[in-house]
1. Quick one: count up the residues across the range C:289-311 that are in a helix (DSSP H, G or I) and either closer than 20 Å to A:VAL310 by Cβ or charged (D, E, K, R) (or both).
2. Among the residues of the range C:300-319, how many are away from chain A (no Cβ under 14 Å) and over 20 Å from C:PRO240 (Cβ atoms)?
3. From the list C:GLY482, C:GLY466, C:GLY434, C:GLY419, which residue is assigned to a loop (DSSP other than H, G, I, E, B) and surrounded by fewer than 20 Cβ atoms within 10 Å (Cβ to Cβ)?
4. When residues of the range C:515-541 are filtered for being in contact with a Leu (Cβ under 7 Å, 6 or more places away or on another chain), surrounded by 24 or more Cβ atoms within 10 Å (Cβ to Cβ) and more than 14 Å from chain A (Cβ to nearest Cβ), how many remain?
5. Tell me yes or no: at least one residue of the range C:289-296 is within 14 Å of chain A (Cβ to nearest Cβ) and either of a type in the set (A, V, I, L, M) or closer than 19 Å to A:THR303 by Cα (or both).
6. Which residues, taken from the range B:74-133, are touching a Cys at 6+ places or on another chain (Cβ under 6 Å) and at positive phi?
7. Could you tell me which of the residues C:HIS117, C:HIS62 is closer than 24 Å to C:GLY9 by Cα, of a type outside the set (Phe, Trp, Tyr) and touching a residue at least 40 places away in the same chain (Cβ under 8 Å)?
8. Return the pairs, sorted by first residue and then second, in which the second residue is assigned to a loop (DSSP other than H, G, I, E, B) and hydroxyl-bearing (Ser, Thr, Tyr), the first residue lies in the range C:326-337 and is under 13 Å from C:CYS286 (Cβ atoms) and within 12 Å of another protein chain (Cβ to nearest Cβ), the beta carbons are less than 6 Å apart, and the residues are 6+ apart or on different chains.
Amino acid sequence: MTLPTTIEEALPVGGVAAEAVAALAAATVIGTFVMLNTALAGPWAKRKITAAFTDRISVNQFGPLGVGIVVPDAVRLVSKELIVPEGADRPAWDLAPLVLVFSALFAFAVIPMGNGVHLADPAVGLVFVFAIASVASLGLVMAGYASNNKYAFLGGLRAVAQNLAYEIPLILIGISVVLYTGSLQMSEIVATQRETLVSLGPLSVPGWFAIVNPFAFVLFLVANVAEVGRNPFDVPEAPTEIVAGYQTEYSSVYFVLIYLGEFVHIFLGGAIIATIFLGGPAGPVLPGIVWFLLKIWAMFLFTQWLRSAVPRVRIDQLIEIGWKRLLVLAFVNLFATATVVGVLAA
Amino acid sequence: MSDNQLHDTLDEAQQTTREARTGEGVDERYNSRLRQAFGDSPFILTKFDAFMNWVRGNSMFILLFGIACCSIEMMHTYATKHDLDRFGAGVPRASPRQADVIIVPGTIVSKFGPRMRRVYDQMPEPKFVVSMGSCTISGGPFQEGYNVIKGVEELIPVDIHVPGCPPRPEALVYGVLKLQEQVQAGESAPVTVKPYELRQFGDLEEDELVQKLAAEIDEDDLVMRYDWTER
Amino acid sequence: MSLQRQPVGETPDGLDYDALAELLDGYVLDREQHLNCEAFVIRPDDVAAVLSTLRDRAAFDHLSLVTAQEYRDRYESIYHLKKYDDPTQELSLVVPTPRDQPHSQSGADVFDTAIWHEREAYDLVGIEYDDHPDLRRILLPETWQGHPLSLDYNQDKPQIVPLREHANPMEGRTDVADRSDTMFINIGPHHPATHGVLHLKTVVDGEQVVDIDPDIGYLHRCEEQMCQQSTYRHQIMPYPDRWDYVSAGILNEWAYARAAESLADIDVPVYAQVLRTMSAELCRICAHLLAIGTFALDIYGEFTAIFMYAVTDRERIQNLLEELTGQRLMFNYLRLGGVAWGLPEPRAEYLETVRSVMAEFPDRLEEYHNLLTSNELFQMRVLDTGVLPAETAKSYGATGPVARGSGIDYDLRRDDPYGYYDELDWEVVTDDGGDNFSRALVRLQEMEQSARIVRQCVDVLADWSGEREIQSDVPRTVKPGGEVYRAVEGAKGELGIYIRADGTDTPARFKIRSPAFSNLQTLEVLAEGEYIADMIATLGSLDIVLGEVDR
């Protein structure tokens, strides 16, 4: 049962209006939920995690562990002067940050987060996620070229090259999951993974796809890091090479949107991984939503860990890894899964 | 009324402050449209201002900007031992569009002066400047050099000066804290900088170069001109 | 190689200047005696011929420095030549040019490094070099009027420094501007990877660098003018700290001390030499740590772990130096004829602290090796990028870790001994790779050797039984005469000082041979054809400090 239906049932009236209200309310809830996570991650968690890797303390002035910094950081960033560079291609320049954020936010609509927090459950859920998330490439190239800045332009081009190179393996690995579950529907994918794989005495190992096919899981992890543009694949931003890449010219609200957009994408990557490889909200004792949060934050931690410890590869090496290795391995994985699934079915 | 004069009454003092904050041509940072529309300080705006000052004073992105010796100590200030990020000011941004504070860490020379001014101009308001080291105060040990600009205030307004050659990281941390204090109190730097916009070359001796440059100058694309003999 | 002829003038007891003069018969007008070597006076239009003869026949393969200066009656360019095999064999070529027509032939055809050195001479002193490939100002803005180190320069004259938006300074100058599929991009002077205020005028074709022109002078702080205004005894010493400012201060101070001491004939007590050696090596460790840290920064991204670890280790060593000298960064510790003060009391405790930090240091280095050199992704990024062949390095006058990373076995600490180095047991590290990886590796291993030197110095100091003499007798006012060029092994390479003394208490000409200046010149060769990312990494591995490049 999805969140809008729950709300609609709780409403005293029915009909189209109630349906719309319920959908809107549910969307707001989920949007806020995701944005809260990113707001926590961007100004605070990222700093604290990086600080932990570099033996520092980082923010500690307000609230427990300095979490209060989120408020001044957010308000201050939003209240800055918005500078529009001369020669910026206006509609594209203004739209790019929105495209970046909403491409990720929309995809969250079909992610089951446990405890009924699930906006919609279309039959083509997985396709929807990949399709919507790919729109981000468009946002990146818009931001890149519309800024009228050469660094931004280089960053935009890098981002597109990278996203194209890594999206195809990503989707191919996704297909291998679909072969296993036999459905594109997110709730179905999660439900399939809930079945017990093997029982070891009192312990029953669930059929999470990460356990069933760790090879695909690792491949997906790598491709996902590239997709969200973190070390070692953070070439589109590459602060020491091209200043800040496609976001060089953005300030104020637009910068906040781009900055948050990146984190929404990281969380979306985590959410996809959690859903199709780690059993979604499944887990013992704690409620599903908590497990879901734990999983996406674990993925966030993973990206931050890479950021602190791994060098950035060069753009040509990145493309090479994508097209020549990851893609090949993704096909190998696909055929292997297809064979295994076919043999099992027969 | 002289600025330095002590005020006899509270009213008078408030009047001066109000004029300074809302008048024409004063520091734009505190002369928002909202405030112009509301006129005198109503309660909400005052509280809002106080909140915004608190916000700005407690969270700052600093421009990743290294010039000379002081930038080494600046790096140390970001790093493990001194950890400027404890005070919410430790996120270096490489793009000036995303920075609030520019720490000017080193000697400014004639060739770099206009570029630095340009970087400052690219930062969005409200922006603050911490000048680090003696060179940015007066030219420091290189003051007598033919190529050295005698202090960063020749080019941009400065909020906090941190003296030293170079200042220890502790001193820079103190400087940033003082800046935060100042911003929270709603004060801004006195604008001591001289107009840097394009002017006629009237005050310069006419010679070949001046004539050649004056002929070449296209007022649309010239960002600034620095004439340092006038100090 | 029996076919190879013995270089002219090389004898077992040193250089035979008469043989060299014979080799250059017809060119040499006069022979002068400088304090470090002999100088041959030649005609302005014979420069290239003499330089190439000396390089090919007499094995003078290292053009260390070109000094330009103005006298009341003439201009003078001095080419300081050395040999990579034995830097104690030196020869200076003095090229006088008349005041009314300061034209001299360029040596750029023979030594690539002369390109920048002669541009600087033109910029600051005003000597014009004929046949120079690209004679324009290097340190000062293009619109500058006058030559500031010439005698009649009026410093109060207004100067105009224009800056134009979207101006393409490469237009018309680069050979690739016509191609429509390239893009011109300014990297710097404010850019996170330029290690200060370097400006790289870059033409890129997609991601590849087609043409690059380093534009320096954004930190030209008139160091030479400052030193020429200051007195030998006290006023000059603080300035060297600010050339290579990444806490390599004592190494720089030593360069000045060595030149001035040989000029004024001052002896340094052995105890002070040990102190100098120890503190200088601590400085070298600090400087190399920063080099490694920023190199990692260029490759890893923002302020990440390795950079922070490097800075943390620097703090440890800076604490030691602070206790010894009283300063964290600008030490001002050396004096002519010794050092400012001895070890902090109690001595044994201080030496024990140094010893314990140095004992831990190999473990710390092991961590850098784990994080960097044995990291496969790191190797993927830096191996075989920015390759500098040894011959090119020599032609550009590269020294220090950059030269040693290209397999040139050249270290002044061993080849031209000074201080206490020849009493100690250590090795010169070289690597044949010539790429970014080799340069980083050489730095890491050099730190190990430096730690070894420091440990031995500590032992010597702890067992010291004689008089703890930290300074010899030096007259209150030093008024030497003569000309001298002396170099030490700085953090970045051969850091040389040329001083012409005219009997007053300030130098008449003070010229700094900056290793980073020569090393940076190789960037054009290294970066062209590479990817932008590799260009940035190469710049990081060259480890330049703009304070030293621009002076």
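1. The first filter runs over the range C:289-311 and keeps only residues in a helix (DSSP H, G or I), leaving C:289-300, C:305-311.
From the residues that got through so far, the ones that are either closer than 20 Å to A:VAL310 by Cβ or charged (D, E, K, R) (or both) too are C:292-300, C:305-311.
Number of matching residues: 16.
2. The qualifying residues number 1.
3. On the way: C:GLY482 fails: assigned to a loop (DSSP other than H, G, I, E, B); C:GLY434 fails: surrounded by fewer than 20 Cβ atoms within 10 Å (Cβ to Cβ); C:GLY419 fails: surrounded by fewer than 20 Cβ atoms within 10 Å (Cβ to Cβ).
After ruling out the rest, the residue left standing is C:GLY466.
4. Adding up the residues that qualify gives 5.
5. Applying the first criterion (within 14 Å of chain A (Cβ to nearest Cβ)) to the range C:289-296 yields C:292-296.
From what's left, either of a type in the set (A, V, I, L, M) or closer than 19 Å to A:THR303 by Cα (or both): C:292, C:296.
The answer is yes; a qualifying residue exists.
6. Answer for the range B:74-133, where residues must be touching a Cys at 6+ places or on another chain (Cβ under 6 Å) and at positive phi: B:GLY106, B:GLY133.
7. Answer to the selection: C:HIS62.
8. C:LEU329/C:SER247
The values are calculated or read from the model by the stated rules, or taken from the named source; none is laboratory data. Everything numeric in this text was worked out from a predicted model, so none of it was measured. Don't worry about glycine lacking a Cβ; one is built from the backbone with ideal geometry, like all the others, and counts go over all protein chains shown.
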